[in-house]
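The values are calculated or read from the model by the stated rules, or taken from the named source; none is laboratory data. What you are looking at is a predicted structure, and each value in this text was computed from that prediction instead of being measured. Using ideal geometry, Cβ is built from the backbone for each residue, glycine included, and neighbour counts are taken over all protein chains shown. When the accessible area is computed, the model is the full protein with side chains, heavy atoms only, and any ligands, DNA or RNA have been set aside. Shrake-Rupley method; radii C 1.70, N 1.55, O 1.52, S 1.80 Å.
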Amino acid sequence: MFTNRLPWVILLLVWMAGATWWHVCTIKQLCGSDTPVSESPSAAAPEATLPNTAVADSGTTAKPTAATPVTKTTAAGPTAPVTEASLAAKETYTSVFEPINLYFPPGEAYYIKTGETNKFFAEATIYLAAHKDKKLVLTGYTDDLGRDAINLQLSRDRANSVKVRLRQSGMATEQIRVVAKGEADPKADNKTAEGRRANRRVTVVVQ
């Protein structure tokens, strides 16, 4: 009798195994995938996927990481520093009757020569040779650092250094006049280093 029931027992076991497989794979969705499906559709995304420029709670951009370097720029782009050489390069010659400024390298007694200053002195030399009643006026200036008396003398020395060079080039001494202004009549703001550089000058003009 037991032998006659054996096929039914085997069939019952096969059916139970199949039902169990169907329940696990179909209902629980655990078959054919290495990772289980989350039962919560509102689960948060992994933190590693958040961008580096996430906005903080305060409404400001969070501190950048090494992956997002900060580049400092200005609206007008990078600007070159103001130096005595750059100031001299901006001076242009229009006429011997229009003042032109001479600038001096730090610690130097001789002004910075440019094509424009060479043109001015070449034309001034020709004009003065033909007009003995005219003079080349050299006006020295300083910034406002230091004592007034020292600055006044410094401005005179600066103008005299230009006069010496002009005399060596053949210009008549009696047609060169030196004026010392010291820190008076500043061209730029003495509160900045750039402004003080612009004020340390000798202005030349024919009168």
Worksheet, complete the sentence: Given the conditions (1) within 36 Å of the chain's Cα centre (by Cα); (2) open to solvent by less than 70 Å² (accessible area, probe 1.4 Å), every one holds for P81 apart from (2)
Discussion item. Of everything in the stretch 104-147, what is within 18 Å of P186 (Cα to Cα), of a type outside the set (D, E) and not in a strand (DSSP E or B)? Give them in sequence order.
Written reply: F104, T142, L145, G146, R147
Discussion item. Looking at the stretch 168-193 only, could you name the residues that are surrounded by 15 or more Cβ atoms within 10 Å (Cβ to Cβ) and part of a helix (DSSP H, G or I)?
Written reply: Q175
Worksheet item: So which residues in the stretch 148-167 are farther than 21 Å from K187 by Cα and either in contact (Cβ under 8 Å) with a residue 60 or more places away in the chain or open to solvent by 30 Å² or more (accessible area, probe 1.4 Å) (or both), if there are any at all?
Response: K163, V164, R165, R167
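Being under 19 Å from G107 (Cα atoms), touching a Gly at 6+ places or on another chain (Cβ under 9 Å) and of a type in the set (D, E, K, R): is that true of E194 here? Full working, then the answer.
On the way: under 19 Å from G107 (Cα atoms): yes; touching a Gly at 6+ places or on another chain (Cβ under 9 Å): no; of a type in the set (D, E, K, R): yes.
Criteria not met by E194.
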Fill in: Single residue of the stretch 90-105 satisfying the filter (among the hydrophobic types (A, V, I, L, M, F, W, C) and within 18 Å of A193 (Cα to Cα)) that is modelled with the lowest pLDDT
F104
Item to complete: Could you please tell me which pairs satisfy a Cβ distance under 8 Å, a separation of 6+ or placement on different chains, a first residue in the stretch 171-190 that is more than 30 Å from A122 (Cβ to Cβ), and a second residue that is of a type in the set (K, R) and assigned to a loop (DSSP other than H, G, I, E, B)?
Response: none
Worksheet item: E108 fails exactly one of the following numbered conditions: (1) open to solvent by 40 Å² or more (accessible area, probe 1.4 Å); (2) modelled with pLDDT of 95 or more. What is the number of that condition?
Response: (2)
